[in-house]
Structure formats: C-alpha cells, structure tokens
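Participant: Dropping the structure in here first, questions after.
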Amino acid sequence: MSAFQALLAAGIPLGQAAWGGAAAELPAALRIASGVATVFWLVAAAVVLRRGGYRVRWVPERVAKVGTWVLVGLLTVGMLMNLASPSPWERYGWAPVIAVLAALCLAVARGHRRAAH
C-alpha cells in the first residue's frame, strides 16, 4: 500500500486505480494526499508488526494494541468504499486486497503476543 501511494505521490499515472479513479494523473492535492498516505501505511505496518511481537521500539505496546484494532476498522471502511467506487480497479482490485489486509489485521489484533524478534 505504501509503495503504491508513493508511486502516486511521485506522479506515476496510476490514478485510475486510486482516489475514485477519476484521472490517470493525479492533481497536486491528491498527490500530496498520497504522500501522506505513504507515511500512514508505513506507520501502520510498524504498529501491526509491534502488535505481532516484533521489536519496533518506537511504537509503544498500548499504541500497537489499540492501533491494530483501529486499522481493522479503517480497512473495513476502506474496503466498503472501494466496493462503492466507480473505478473497476478499486472495486475488483483494491477491495479484495483491503479485505485480506483487514482480515490479517483482525487476526493479529485478536492474537496473543509472540516473543519479540
């Protein structure tokens, strides 16, 4: 997710698969939003890794626990938004990917913490 958003922020014409699919090349405001999303997804990955028992020292355990549940909710809403999108890329491509990510986050959120790696 982060890499895809970084490509969008860099101006790669993949806009038909994001942000409603209105334009292949995103306008400046959506490129900035993709830049923010790039950072968001990197932090989200760190939160889930920490919740899964990996040593991500800068993510407090409480943030990892709550944050993983927040991600389950956000990803579920994102999946529904992608299903409602006019873009076939979002409906048939991203919606299933986001559904899998939501399910994986749910599994991590519900799981018991493993030994740190």
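Every read-out reported here was derived from the displayed coordinates using simple, explicitly stated rules and does not represent laboratory data. Just so we're clear, the structure is a prediction, and the values are computed from it rather than from any experiment. Cβ sites come from the backbone with ideal geometry, for glycine too, and all protein chains shown count toward neighbours.
Participant: Please tell me if LEU106 is of a type outside the set (Ser, Thr, Tyr) and touching a Phe, Trp or Tyr at 6+ places or on another chain (Cβ under 9 Å).
Facilitator: When the stated conditions are applied, LEU106 passes them.
Participant: For the condition of a type outside the set (Ser, Thr, Tyr) and either touching a Pro at 6+ places or on another chain (Cβ under 7 Å) or closer than 23 Å to ALA99 by Cα (or both), what is the one hit in ALA18, ALA28?
Facilitator: One residue alone meets the criteria, ALA18.
Participant: Here are some residues: GLY52, GLY93, GLY73. Which one is touching a helix residue (DSSP H, G or I) at 6+ places or on another chain (Cβ under 7 Å) and either surrounded by 17 or more Cβ atoms within 10 Å (Cβ to Cβ) or without any contact (Cβ under 8 Å) to a residue 40 or more places away in the chain (or both)?
Facilitator: GLY52
Participant: What about GLU61, is it exposed (fewer than 13 other Cβ atoms within 10 Å of the Cβ) and not basic (Lys, Arg)?
Facilitator: yes
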